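To start, the structure itself, in structure tokens.
The values are calculated or read from the model by the stated rules, or taken from the named source; none is laboratory data. Not measured: the values here are computed from a predicted model. For neighbour counting, all protein chains shown are included, and Cβ atoms are generated from backbone atoms with ideal geometry for every residue, glycine included. Note: accessible area is taken over every heavy atom of the protein model, side chains too, but ligands, DNA and RNA are not part of it. Shrake-Rupley method; radii C 1.70, N 1.55, O 1.52, S 1.80 Å.
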Amino acid sequence: MLAVPEMGLQGLYVGSSSERSPVPSPPGSPRTQESCGIAPLTPSQSPKPEARAPQQPPFSVVVAIDFGTTSSGYAFSFASDPEAIHMMRKWEGGDPGVAHQKTPTCLLLTPEGTFHSFGYTARDYYHDLDPEEARDWLYFEKFKMKIHSATDLSLRTQLEAVNGRKMPALEVFAHALRFFKEHALQELREQSPLLPGEDTVRWVLTVPAIWKQPAKQFMRESAYLAGLVSREDAEHLLIALEPEAASVYCRKLRLHQLVDLSVRALGGGRLSERRSIDSSFRQAREQLRRSRHSRTFLVESGVGELWAEMQAGDRYMVADCGGGTVDLTVHQLEQPHGTLKELYKASGGPYGAVGVDLAFEQLLGRIFGEDFITTFKRQRPAAWVDLTIAFEARKRTAGPHRAGALNISLPFSFIDFYRKQRGHNVETALRRSSVNFVKWSSQGMLQMSCQAMNELFQPTVSGIIQHIEELLARPEVQGVKLLFLVGGFAESAVLQHAVQTALGARGLRVVVPHDVGLTILKGAVLFGQAPGVVRVRRSPLTYGVGVLNRFVAGRHPPDKLLVRDGRRWCTDVFERFVAAEQSVALGEEVRRSYCPARPGQRRVLINLYCCAAEDAHFITDPGVRKCGALSLELEPEPTDRGPDAAGTPPGRREIRAAMQFGDTEIKVTAVDVSTNRSVRAAIDFLNN
């Protein structure tokens, strides 16, 4: 039974059995489901949002896990010395000449589906398996982006191993996170035997800023399943946005820890990196030393020398170029504490390093046939992994000014399988191919010209540059002075040269940290120590609920008319909580008060809707979709009570919900006003 509010108050549309006007709703309109009814107490003019400092539980150590598309790792710091970041141990195995402070995001499960290994150990063990035996093992690599690309992500989403077998994605991610938890805790115990229990560890997980709320919730659910934290101690887990983490770290850097690509370009890439950037900033540093105000700002805010050159209000961009995505964020530096304000909602796209891998796979398809590559990947999965490893090693050496050809080793299994499938050898295939920039070398390898290798980068690199240029053209971000290139893909000389060439002429200084591949991981540790450093964020979407409003003829569409108990209501009204692009401060709350529709009701369920537009009027408007549900669990109500402290009469039990949109996740709390006790509240974005 729908509880209709008093005249002048809004009501959530939670029932469907009612007397309607003769005009039907349009086909395909979302119908609110028969669930737990409520009568809102909040009038149409919503209370002004109120900012409150988020309360964080005590902790003794922060452990951050950078769960990347191609590589992952962890780092930690103690609350007693928050800026002393301890990197994880060097990983066993790996490629010669590559720093191993991260490990490949590769998971190996036994044929029975139990955990075997992760990272280099998983990759090397799978590599050594007999080809026939390998077909029964479940090997997952670069699986993170499947969560971003899934249009109907849920707790039942499946991931496909390289052999074609599927596993629940939640279990795959939980296996990986459990591995990092055990690895990190073991190292913590060895370094600090007197460390208190696990409940004093604050965990931080990194995710791309462009991920939607369902993907963020999925990572949190995976962490629960992995045992990082329990649902009861959810506050011990923070979700950090990758470009934000990089920004937090970059603001701490000194000049000698940075490379200014504009200076290096002028010197033809031959200058000492330290000398280049130091000379670039020497004059600014001298001016800084003469400025007592700036010096005080530097000390009080704890920012690095580069940031001291910038004035409060200056703007900069961070481009997180990772394995799967490019993530862009624009921040403004604030006084007096060096906090950060987001100027435009996080944006980006699927322009990560795996795009180069895909281009190489397409090139192989042009030479040997797409059907053969598909068959080879399915029937010889371990050998395919070997081939991708060989390409990755050569990809890292690619550069815009490299002169010599690049040789890529083909596994014997590839050569043998091709001969059996096609009846001739790979050298014959190369001669017959229309691809004239790939040859068969005398050493028995694929020989690719540097130009050909660079062309494999072009679609991905062009997508990154185009996205940066489009963001720079936005009026909200005018005045950006610096661009930080961070992330694993930012190590690429091809990408660095292309970005500097395209954007340097605009007067934008492109800067790369020395430890560019670890920037996000280290920043996530710092973020865990002080989550309030990003003080203001922009809401990526408009969020709200569907409500009933008093029907006004001539203003409301006739098909939205609902008649109940002689009163005329407009249904499906979209009541906005926060608008897309709206600046929301950390801890800022949007409050609503609700009343259960029936005495003794134990649960209130409210559907949430979202859209990209700022001016949606109805939940049936194009682009508006149901994205989640707010659930309030109620305790039994006292049988005999008079008016409460707020003057609410018996029978009108008020539940006051407060939602925060300024954090990396949307959070909700609720209080039963009659008892002043907290109500169990949660927002679910995965079960739609």
> Cross-link partners among lysines for Lys481, C-alpha distance below 17 Å, same-chain residues fewer than 8 apart left out?
Replying inline: Lys341
> From the residues Pro336, Ile389, Gly365, which one has its Cα farthest along the dipole of region 335-433 in the positive direction, the dipole being from +1 and -1 charges on Cβ of Lys/Arg and Asp/Glu about the Cα centre?
Replying inline: Gly365
> Hey, with R₀ at 45 Å, roughly what FRET efficiency would Thr151 and Arg396 work out to, going by the Cβ-Cβ distance, to 0.05?
Replying inline: 0.85
>> In Å², and per residue, what accessible area does region 172-250 have when probed at 1.4 Å with the other protein chains present?
In response: 33 Å²
> With each label point set 7 Å from Cα along the Cα-Cβ vector, what nm distance links Glu370 and Glu187?
Replying inline: 4.3 nm
>> What does the C-alpha gyration tensor say about the overall shape of region 95-229? Classify as rounded when a/c is under 1.5, otherwise prolate if a/b is larger than b/c, or oblate.
In response: oblate
> So which of Lys377/Lys667; Lys102/Lys377; Lys395/Lys626; Lys144/Lys560; Lys144/Lys626; Lys144/Lys345 end up more than 31 Å apart, counting from Cα to Cα?
Replying inline: Lys377/Lys667; Lys395/Lys626; Lys144/Lys560
>> Leaving ligands and nucleic acids out of the surface, order Arg602, Arg315 by accessible area at 1.4 Å, largest first.
In response: Arg602, Arg315
> With r defined as the distance between the Cβ atoms of Ser583 and Asn687 and R0 fixed at 25 Å, what FRET efficiency is calculated, to the nearest 0.05?
Replying inline: 0.25
>> Take Arg422 and Thr501, extend 7 Å from each Cα along the Cα→Cβ direction, and tell me the distance between the two endpoints in nm.
In response: 3.2 nm
> Is region 457-539 rounded, prolate or oblate when judged by the Cα gyration tensor, a ≥ b ≥ c being the square roots of its eigenvalues, rounded requiring a/c under 1.5 and prolate requiring a/b larger than b/c?
Replying inline: oblate
> Quick one: net charge of Val330's neighbours, Cβ under 10 Å, K/R +1, D/E -1?
Replying inline: +3
> How would you order 567-577, 505-515, 316-326 from highest to lowest mean count of nearby Cβ atoms within 10 Å?
Replying inline: 316-326, 567-577, 505-515
>> Quick check: with the 1.4 Å probe, what order do Arg598, Arg156 take by accessible area, largest first?
In response: Arg156, Arg598
> Heavy-atom accessible area per residue, region 481-623, 1.4 Å probe: how many Å²?
Replying inline: 35 Å²
> For the pair Ile389 and Lys212, what calculated FRET efficiency results from E = 1/(1 + (r/R0)^6), where r is the Cβ-Cβ distance and R0 = 41 Å, to the nearest 0.05?
Replying inline: 0.80
>> Can you tell me the length gained on complete extension of the stretch Phe412 to Glu235, counting 0.36 nm per residue apart and subtracting the Cα distance?
In response: 58.6 nm
> Spin-label point model (7 Å from Cα, Cβ direction): what's the Ser449 to Lys166 distance in nm?
Replying inline: 4.4 nm
>> If DNA, RNA and ligands are ignored and the probe is 1.4 Å, what is the ranking of Arg422, Arg537 by accessible area, most exposed first?
In response: Arg422, Arg537
> In region 353-437, carbon and sulfur make up what percent of the accessible area (probe 1.4 Å)?
Replying inline: 47 percent
